[in-house]
Amino acid sequence: MVFSVLEPQRDRTGPVLTKPTATRRAWIPGLVLLGLIVLVGGGLGYLVGNERQANTQTDQAHATWHTTRHHIAIAVGDLTVIRRELRADNRTIQVVAPALAQDTAQVKAVQAALAQAQASVVQQGTTIAGLQACLGGVEQALNALSVGDLDQAVSRLSAVATPCQQVAAGG
Amino acid sequence: MADRRPRWRRRLGQLAILGAAVSLVIALVTDLQAHARDRQAHAVLASAEATLGTTRTKLTSTSRAQHRANEDRLALLSADAYTRAVWADADQKLAGATQAAFFQGLDIGSLQTCLGGVKGALAQIANHNNTQAGMDLSGVSPSCETVDGGNTDGLAYPFDFPDPFVLMVGGTYFAYATNSVEGNIQIIQSSDLTHWTAIGNALPNLPSWATPNHTWAPAVLPVGGQYVLYYTAQLAKGGPQCISAAVASQPQGPFIDTSAGPFACQPTLGGSIDPSPFVNADGTPYLVWKSTGEGGQPTTIWSQQLDPAGTGLVGSGATPLLIPDQSWEGGNVEAPDLVLNAGRYFLFYSGNDWNSAHYAVGVASCSGPLGPCTKPSAQPILTSGADFLGPGGASVFTDQSGGLWIAFHAWSPGAVGYPHNRDLYVRPLNLAGALPVIEPGG
């Protein structure tokens, strides 16, 4: 009703009474729209920026991951080589250690035999020296006695009595 | 209040609002997805870094383990190499010691065998059984030869056999020597010049004028179907040494000396010793010997012709051939042996003290059996060496095939001087050069 009353007046007076009110009202949606645009634009901008940052970080993480994987591959390769060497070393140790023990036992056996043989050589050397001394004296006594040199013969035999007795005692 | 905007504008506004809302939702979802991917990527990265860390830790520990294992391996290999070296060294020493023990065992066996034979011979000598004593020695001769180093240096008979003289008759070699174990004149025989067997005493009985146990330097001349033995004997009662002769029908004797006195003697020159017969190319026999040179006279080697039977000297007297004038001779020349080979006369002789290691063999060159003789060298042709000492009393003979040999005696190392043995050596002789060359023995 109010509108219907005033409507003709507004129509009459026209622009003087209705124009400012209509203009203010016309700005409100525009402002709302503008605010909305700004809000949406800002939000979109933020979100896009945030996404880009996330993508960048993802890309960096991927790059780092690739590098890390490369490092892992190198490390695994090194580890494989070292493990192979370790296994080889251990195999060698497993082979050499018993061989060393066996060789050591053999050395001890040979050294024992050597000591025994050397002792035997020394003992036989003593026997030989005694035999040679005894033989030399008996030969000289024989030669002296054969030409009637009894004193010389007795002297030579007496000189070798000890080695001859030792030889006789030694069997 | 009714919206008086145009309908399309309202629609447009609604669409814009809807679009903006959708855009925001899409942007929000996309952003959330991006963040989700980012978290996932970081999670994967963290996992990978954890894996890398674990792998590096394992790598470090494995490297340490491998390093230790390698050190252990190297130490083990080094220890094993050292052990093997020690083993090889010990093995080598053991082989040497075993070999030495083996040869020592052989030596001991040879020594015991030799000593047994020599002891047996000594007992036989004490029982005045010289023949059996000689047999005992012959039986152990190879063992005694081994004891003296074998026959590689020409050792032929490893017992006392001084001033040897070798005669070949019918393929058998007879060697005569100064009195010792086997009797007044020792005699041994061989078919190969290597293995010698004692025969015994070639001169069982001495003439009454000779002193027992002083008979030496024998030599035998086969002549007229018999054999004449020349030897040195000492006149009884401490008289001078002189030369006598005995005769046998066979080379091994027994030689019989029926003389009433010496065959040859030079009392004014100290006596005569070391007789040695020589037959010239025309068949004429000679005898060379030495005067002992006492009373200021030099020792001299003489030569004189024998009668055809070899039992007497002929001519006006002996001719001097040689006196000592070289330093190595030590003022003494003796034990002559005259040899004719390819038209050249060689007078072998010994010089210096017979009872020492300085004794040696020299040679002179002669124009004939009665000289003159000259010494082509100021050095002896045979001296002491590593295997024997004081060689001397040499005599030269020919084997069945015409080869020349020289027999001599020598002391063993460490056993020089009476009553040690003067062993018999036999070695090849070469007279092709300006000086005689005595070849290696064995």
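All of the numbers you see were taken from the coordinates with simple rules; none came from a lab. Predicted, not measured: the structure shown is a model, and the values here were computed from it. With ideal geometry, Cβ positions are generated from the backbone for all residues, glycine too; neighbour counts draw on all protein chains shown.
Under 18 Å Cα to Cα from B:Lys290, which lysines show up? Leave out anything in the same chain fewer than 8 places away.
Counting by Cα, and skipping residues close in sequence, B:Lys290 has these lysines nearby: B:Lys375.
For each of B:Tyr286, B:Tyr359, count neighbouring Cβ atoms within 10 Å of the residue's Cβ, then give the residues from fewest to most.
B:Tyr286, B:Tyr359
To make sure I understand, if each residue's beta carbon is the centre and we count other beta carbons within 10 Å, what order do B:Glu294, B:Glu334 fall in, fewest to most?
By the 10 Å Cβ count, ascending, the order reads B:Glu294, B:Glu334.
Can you give the Rg to Rh ratio of region A:35-171, both from alpha-carbon atoms, with Rh computed by the Kirkwood formula?
1.96
For chain B, set up a GNM with springs between Cα atoms under 10 Å and report which of B:Ala48, B:Ala27, B:Ala233 has the largest fluctuation.
Most flexible of the set in this elastic network: B:Ala27.
Given the options B:Asp38, B:Asp148, B:Asp192, which has the most mean-square fluctuation in a GNM of chain B, springs set between C-alpha atoms less than 10 angstrom apart?
B:Asp38
If r is the Cβ-Cβ distance from A:His66 to B:Leu74 and R0 is 45 Å, what FRET efficiency results, to the nearest 0.05? Intermediate values should be presented prior to the final figure.
Details: r = 40 Å, r/R0 = 0.88.
Calculated value: 0.70.
Shape call for region B:374-442 from the C-alpha gyration tensor, a ≥ b ≥ c root eigenvalues: rounded (a/c under 1.5), prolate (a/b greater than b/c) or oblate?
Judged from the Cα gyration tensor, region B:374-442 comes out oblate (a/c at least 1.5, b/c at or above a/b).
For region B:115-163, what is the convex hull volume of the alpha-carbon atoms per residue, in Å³? Don't jump to the answer; show the numbers that get you there.
Working: hull volume 3.4 nm³, N = 49.
Expressed per residue, the convex hull around the Cα atoms of region B:115-163 is 70 Å³.
Just to be sure I understand: if I project the alpha-carbon convex hull of chain B onto a plane and average over all orientations, what area do I get in nm²?
Orientation-averaged projected area of the Cα hull: 45.6 nm².
Any idea what Rg and Dmax come out to for the protein assembly as shown if you just take the C-alpha atoms, in Å?
Here Rg and the maximum Cα pair distance are 61.7, 213 Å.
For the Cα atoms of chain B, what angle does the longest principal axis make with the long axis of helix B:7-126, in degrees from 0 to 90, nearest 10?
10
With a 10 Å cut-off between alpha carbons and a GNM built on chain B, which of B:Leu122, B:Leu94, B:Leu269 moves the most?
B:Leu94
Once the Cα atoms of region A:111-171 are picked out, what are the Rg and Dmax in Å?
15.5, 54
Residues in region A:87-125 near a label at B:Lys93, defined as backbone nitrogen under 12 Å from the 7 Å Cα→Cβ point?
A:108, A:110-119
Pull up the cross-link candidates among the aspartates and glutamates for A:Lys108, meaning alpha carbon to alpha carbon under 18 Å and not fewer than 8 places away within one chain.
Partners found: B:Asp80, B:Asp89, B:Asp91.
Just report the Cα centroid separation between region A:23-45 and region B:257-272, whole Å.
173
Using bins 10 angstrom wide from zero, how does P(r) for region B:10-100 break down, in % of all Cα pairs?
13, 14, 13, 12, 10, 9, 8, 7, 5, 4, 3, 2, 1
What order do you get for A:Lys108, B:Lys290, B:Lys237, B:Lys119 when you list them from fewest to most C-beta neighbours inside 10 Å?
B:Lys237, A:Lys108, B:Lys119, B:Lys290
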